[in-house]
Amino acid sequence: MTMQNTLFDKVFRDSDGNIVIAQPPNPPLIVWGVASLLQLFFTGDVNTGLEVVAFGCIFTWSWQELFSGVNYFRRGLGLIVLIGVL
């Protein structure tokens, strides 16, 4: 099966030809979500620690997406999040 290399294909398809916009979350994204939610319930040093963990995880996730994303959409998403957190 021959696939045309249109702009849509380059942006939204992975190497197998599947359209990929969302994926199951990987561990850094899960830990970021949990740490962000826990920040609502804690104050002081615990909150600061959770903030550091959350930042480290979202930074790691965005870095991974930017350089290892399955398509240009996912890489662009990583770049946008990386710029947003910095």
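The values are calculated or read from the model by the stated rules, or taken from the named source; none is laboratory data. Quick caveat: nothing in here was measured; it's all calculated off a predicted structure. Neighbour counts run over all protein chains shown; Cβ positions are idealised from the backbone, glycine included. Accessible surface areas use protein heavy atoms only, side chains included; no ligands, DNA or RNA. Shrake-Rupley method; radii C 1.70, N 1.55, O 1.52, S 1.80 Å.
Tabulated values for the structure
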{"quantity": "Estimated FRET transfer efficiency (Val34, Phe8; beta-carbon r; R0 35 Å; 0.05)", "calculated": "0.50"}
{"quantity": "Span-rule helices in the chain, defined as complete DSSP H runs reaching 24 Å or more along the axis (Cα) with Kyte mean at least -1.0", "calculated": "44-68"}
{"quantity": "Length added when fully stretched, Phe55-Thr43, from 0.36 nm per residue minus Cα-Cα", "calculated": "2.7 nm"}
{"quantity": "Surface per residue (accessible, 1.4 Å probe) for the chain, Å²", "calculated": "71"}
{"quantity": "Cα-based shape type of the chain, given that a ≥ b ≥ c are square roots of the gyration tensor eigenvalues and the cut on a/c is 1.5", "calculated": "prolate"}
{"quantity": "Carbon/sulfur fraction of accessible area - the chain, other protein chains in place, 1.4 Å, %", "calculated": "68"}
